[in-house]
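The values are calculated or read from the model by the stated rules, or taken from the named source; none is laboratory data. The structure presented is a predicted model; accordingly, all values stated were derived computationally and were not measured. As a convention, Cβ positions derive from the backbone with ideal geometry for all residues, glycine included, and neighbour counts pool all protein chains shown.
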Amino acid sequence: MRKLKLEDKQIINQIAYIHERELAEQNNAPRPTNFAVSLREEMIIRRINYMSDAIYINLIDGNLAGFIWGHFQKENKVVVIEMLYVAHNYRKQHIASLLKTTIENWAIDNHAHKIIGTIHKNNTAMFELNNKLGYATEKLIMTKDLTTLDEQLKE
């Protein structure tokens, strides 16, 4: 486990692709474009370089087994977990717990008072892990897709 460096260009590309792919899957969208991945790469580089972000990576035999990306909001001393990801073939090996503990320690080192993460409603494994690690549910975000309703009103 180590902190991602700007020199880790191949890993930054992998993380950018994974991030875009996961967003696309959540939104039932097609695979991410090369352009979208390139923009995400640039965002990662800039946020590591100029903002209070940290990405910790777990490599096993040179392969990216998982990562966690945290952003420290200095004004309110909160760390927001942007993403936690563990590759399918490395799951159930406590990598997610290790990543969460690492980002929590980073948050404490930065004098954060709180850490926040958002999980998908169907991600029971992450919900259970968060509960085990002492996280509390503060709010639920509910959405309604208006696209269909808007199309019905036009008819």
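Table: residues versus (1) surrounded by fewer than 11 Cβ atoms within 10 Å (Cβ to Cβ); (2) in a strand (DSSP E or B); (3) under 17 Å from the mean Cα position of the chain (by Cα).
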residue	(1), (2), (3)
Phe35	yes, no, no
Arg40	no, no, yes
Phe72	no, yes, yes
Ile115	no, yes, yes
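List the residue pairs whose Cβ atoms are under 8 Å apart, where the first residue sits in the range 74-98 and is touching a residue at least 12 places away in the same chain (Cβ under 8 Å) and at positive phi, the second is surrounded by 16 or more Cβ atoms within 10 Å (Cβ to Cβ) and of a type in the set (S, T, N, Q), and the two are 6 or more positions apart or on different chains.
none
Scanning for something touching a strand residue (DSSP E or B) at 6+ places or on another chain (Cβ under 8 Å), outside any strand (DSSP E or B) and surrounded by 21 or more Cβ atoms within 10 Å (Cβ to Cβ), does the range 42-59 turn up at least one residue?
Yes: one or more hits.
Being outside any loop (DSSP other than H, G, I, E, B), in contact with a Lys or Arg (Cβ under 8 Å, 6 or more places away or on another chain), touching a residue at least 24 places away in the same chain (Cβ under 8 Å) and surrounded by fewer than 19 Cβ atoms within 10 Å (Cβ to Cβ): is that true of His19 here?
Judged against the criteria, His19 is not a match.
If you go through the range 22-48, how many residues are on the phi > 0 side of the Ramachandran plot and touching a residue at least 60 places away in the same chain (Cβ under 8 Å)?
Residues flagged as on the phi > 0 side of the Ramachandran plot and touching a residue at least 60 places away in the same chain (Cβ under 8 Å) within the range 22-48 amount to 0.
May I ask you to list the residues in the range 37-66 that are among the polar types (S, T, N, Q) and closer than 21 Å to Ala24 by Cα?
Ser38
Let's see how each residue does on (1) among the hydroxyl-bearing types (Ser, Thr, Tyr); (2) in a strand (DSSP E or B):
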| residue | (1), (2) |
| --- | --- |
| Phe67 | no, yes |
| Val80 | no, yes |
| Tyr85 | yes, yes |
| Asn105 | no, no |
| Lys121 | no, no |
| Ala125 | no, no |
| Glu128 | no, no |
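Can you find a residue that is over 17 Å from Asn13 (Cα atoms) and at pLDDT below 95 anywhere in the range 52-60?
Checked the range 52-60: at least one residue is over 17 Å from Asn13 (Cα atoms) and at pLDDT below 95.
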